[in-house]
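See structure below.
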Amino acid sequence: MINDRKVIVAKSKMFEILAEFEVDELAELLQYRYATPWNHGKDILEKLLYILEDILYLYSKDPELPKEEVVRDVKLRIHAKVNK
């Protein structure tokens, strides 16, 4: 969840998809809002999504993992989910 300019990881039993935004759509929004070249915006967003996937993967394996360990593991690509 994104809240107050932060990404919040939470466990929830309720799961209702309100909308899905593809990388191309987010890159287009970034381009128009901040005058960012499309290729740079998409590249940045793809990398961000890989990082968010790794965070989600680590917490799905161990919800009690301290944030500091998650940050370290993502930085060092320890136990990272294999990206497509």
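Structural remarks
- Each listed q (0.12, 0.26 Å⁻¹) maps to a log10 I(q)/I(0) for segment 4-84 from the Debye sum over equal C-alpha point scatterers, namely -0.45, -1.22.
- Mean accessible surface per residue for the chain, computed with a 1.4 Å probe while every protein chain stays in place, in Å²: 93 Å²
- Relative contact order computed over the chain (Cα-Cα under 8 Å; 6+ residues apart), in percent: 19 percent
- Long-range HN-HN contacts of residue 36 with modeled amide H, under 5 Å: 31
- Residue 79 long-range amide H proximity, modeled H, under 5 Å: none
- Backbone phi angles across segment 53-68, fed through the Karplus curve with coefficients 6.51, -1.76 and 1.60 (θ = phi - 60°), yield HN-Hα couplings of 4, 5, 4, 4, 4, 5, 6, 5, 7, 8, x, 8, 4, x, 4, 4 Hz in residue order; Gly and Pro are listed as x.
- Modelled FRET efficiency - R0 35 Å, residue 24 with residue 64, Cβ distances, 0.05 increments: 0.45
- Expected 222 nm ellipticity per residue - DSSP helices of 4 or more, -39500 (n - 2.57), all of the chain, to 500: -18000 deg cm²/dmol
The values are calculated or read from the model by the stated rules, or taken from the named source; none is laboratory data. Computed from a predicted model, the values in this text were never measured in an experiment. Cβ atoms come from the backbone with ideal geometry, glycine included; neighbour counts cover every protein chain shown. Please note that ligands, DNA and RNA were not included when accessible areas were found on the heavy atoms of the full protein model with its side chains. Shrake-Rupley method; radii C 1.70, N 1.55, O 1.52, S 1.80 Å.
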